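The values are calculated or read from the model by the stated rules, or taken from the named source; none is laboratory data. A quick note: this is a predicted structure, and the numbers were derived from the prediction, not measured. Virtual Cβ from ideal backbone geometry, glycine too; neighbours counted across all protein chains shown. With ligands, DNA and RNA removed, areas are computed over all heavy atoms of the protein, side chains included. Shrake-Rupley method; radii C 1.70, N 1.55, O 1.52, S 1.80 Å.
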Amino acid sequence: MKMHGEHKIPVDRKTVWDALNNPEVLKESIPGCTELEESDKNQFTAIVSLKIGPVSAKFNSEVKLSDIVLYKSYRISGEGKGGAAGFAKGGANIILEDNENGTVLKYDVDAQIGGKLAQLASRLIDSTAKNLAGKFFDNFIKIVENTEKIS
């Protein structure tokens, strides 16, 4: 599965970068995330519970950041194991650019799934992934806007 897009975030690039690297902000932004902890520098462990069509799973995940260009871009990659439901693995290239109203976050995602999840229709997987990405950005933008107002 591949997915790409961009979101305009009405705060400065440094604020967006700091939030993208803050485990608490990410935990609150990721739909279904119940735990997210930094396990090592630029590495995280997470537990995410999701329902995709008829399949529900709790994913134990490991995530790593690489190719880091401070305040500009990085690659996030990882794998989540959901027991009998299967697995998901992949990554995303994230790029931050200034614009007149704040920051544009661009992303390119590549992912693979296996197990019961792979048996679901690709249209269901794609629509669920787009829906989860939309929820992530809705949550993330609300958090960084509120952080900016508090600062």
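Listed values, structure above:
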read-out	value
Within the stretch 16-27, tally of residues that are touching a residue at least 40 places away in the same chain (Cβ under 8 Å) and surrounded by fewer than 18 Cβ atoms within 10 Å (Cβ to Cβ)	1
Condition check for residue 116: open to solvent by 50 Å² or more (accessible area, probe 1.4 Å), in contact (Cβ under 8 Å) with a residue 12 or more places away in the chain and in a strand (DSSP E or B)	no
Residue pairs meeting the criteria (Cβ under 7 Å; at least 6 apart or on separate chains; first in contact (Cβ under 8 Å) with a residue 60 or more places away in the chain, in the stretch 129-140; second part of a helix (DSSP H, G or I) and open to solvent by 40 Å² or more (accessible area, probe 1.4 Å))	139/28
Answer from 93, 60 - the residue that is more than 20 Å from residue 3 (Cβ to Cβ) and within 16 Å of the chain's Cα centre (by Cα)	60
Cross-chain or 6+ apart pairs with Cβ under 8 Å, the stretch 34-63 first and without any contact (Cβ under 8 Å) to a residue 40 or more places away in the chain and farther than 17 Å from residue 129 by Cα, then among the hydrophobic types (A, V, I, L, M, F, W, C) and not in a strand (DSSP E or B)	36/26; 36/30; 44/26; 46/30
Lone qualifier among 63, 109 - being modelled with pLDDT of 90 or more, more than 22 Å from residue 24 (Cα to Cα) and β-branched (Val, Ile, Thr)	109
